Amino acid sequence: VKKNYSKTKLITITSGKGGVGKSTFTANMAFLLSKRGFSVAVLDADIGLANMQVLFDLKPQNTLFEYIDGTKTLDEVITKTIYPNVNLIAGRSGYQYSVNKNSFVFSRIVKDIISLNKFDILLVDTGAGLNEYVKEFLSISDNILAITTTDPSALTDVYSLMKMLSMDKNKLMLSFNHTRNYQIGETIANSLINLGKKNRLNNDFMVEYIGNVSTSANISTTGRLRKLFANEFSSDETTKQLQVIIDQLLKNIH
């Protein structure tokens, strides 16, 4: 993606394993970034699942598929949320999209949003796993943040992601959800890095640990109520931890 003509920074958020809280993380990050004065767009790139509209408590008229199909313009598929400066390009649940693998239709919508030069930050929330859709969204992004838990199968998935990205990317940012303190995340991040060195992943590939979010009852409660915990509980420990992650994220993106 040529960056020179647009102010929009692209950040792709991925997880490997499903159920680690990636979409909740993304929605709350979007909100906190907007509170810092950034204009943010969130693309729900979890093809066929579409959690974002639930988190933002929206019923979008149009989704990214209407844009891809050419029945709506890009502006028509960008939905304002109730949070100032946070916009959503929604997905559609249960949608079966058959696409020729080489056509890169999904990456086109990312490039087109960047070309609008309208947002400071575009957060792309990918689906779980490393399917073709996820790979397509990762391939066009230099700023990739993986959200994981300390669960062994989640870590196995993150290592697979590291292996794949190390072939043609320079860096992966890593952040832990449901992880009690910063040090635990740091320790596990370091052991993943050492495993990578031992297995001779590309030497130039960096894994940058950028923080953790603890488990909190407030997060699951607000999610069920279709509210954002970072808004409802702005002084909660989890919100503060997310702010630290955002500080680090902003230092790392280009």
Original post:
Suppose every K and R has +1 on its Cβ and every D and E has -1 on its Cβ; what is the size of the dipole of segment 31-160 about the Cα centre, in Debye to the nearest 20?
Top reply: 260 debye
Original post:
Cα convex hull of the chain: how many Å³ per residue?
Top reply: 121 Å³
**OP:** Give me the number: length gained by fully extending LYS240 to LEU195, i.e. 0.36 nm times residue separation minus the C-alpha to C-alpha distance, one decimal in nm.
**Re:** 13.2 nm
**OP:** Run a plain Debye calculation on segment 155-208 (Cα atoms as equal point scatterers, no solvent) and give log10 I(q)/I(0) at q = 0.23, 0.24, 0.28, 0.31 Å⁻¹, rounded to two decimals, same order as the q list.
**Re:** -0.86, -0.92, -1.18, -1.37
Subject >> 3J(HN,Hα) from dihedral phi, segment 138-147, Karplus parametrisation 6.51/-1.76/1.60, rounded to Hz, x for glycine, proline >> reply: 6, 5, 9, 10, 9, 9, 10, 10, 9, 9
**OP:** For segment 140-239, with all protein chains present and a 1.4 Å probe, just round the carbon and sulfur fraction of the accessible area to a whole percent.
**Re:** 48 percent
Subject >> Under-5 Å amide H pairs with THR79, H placed in peptide plane, nonlocal only >> reply: LEU88, ILE89, ALA90
**OP:** Assuming R0 = 22 Å, can you tell me the calculated FRET efficiency for the pair GLU232 and LYS80, based on Cβ-Cβ distance, to the nearest 0.05?
**Re:** 0.65
**OP:** Please report the base-10 log of the normalised intensity I(q)/I(0) for segment 103-210, using a Debye sum with one equal scatterer per alpha carbon and no solvent, at each q in 0.14, 0.17 (1/Å).
**Re:** -0.60, -0.85
Original post:
What is the spin-label model distance, in nm, from SER153 to THR187 if the labels are put 7 Å beyond Cα along the C-beta direction?
Top reply: 2.4 nm
Original post:
Per residue, what accessible area does segment 76-167 have, given a 1.4 Å probe and all protein chains present, in Å²?
Top reply: 42 Å²
**OP:** Would you please name the trypsin sites (Lys or Arg not before Pro) within segment 149-254 that are DSSP coil residues with at most 13 other C-beta atoms within 10 Å of their C-beta?
**Re:** ARG180, ARG200, ARG226
**OP:** Work out the length of the dipole vector of the chain about its Cα centre, built from +1 on the beta-carbon of each Lys and Arg and -1 on the beta-carbon of each Asp and Glu, and round it to the nearest 20 debye.
**Re:** 320 debye
Original post:
Is it possible to state the helix-based mean residue ellipticity at 222 nm for the chain, with each DSSP H run of 4+ residues giving -39500 (n - 2.57), the sum divided by total residues, to the nearest 500 deg cm²/dmol? What is it?
Top reply: -12000 deg cm²/dmol
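The values are calculated or read from the model by the stated rules, or taken from the named source; none is laboratory data. Source: prediction; values computed, not measured. No Cβ is skipped: glycine too gets one built from the backbone with ideal geometry, and neighbour counts run over all protein chains shown. Areas reflect the complete protein model, heavy atoms only, side chains present, ligands, DNA and RNA absent. Shrake-Rupley method; radii C 1.70, N 1.55, O 1.52, S 1.80 Å.
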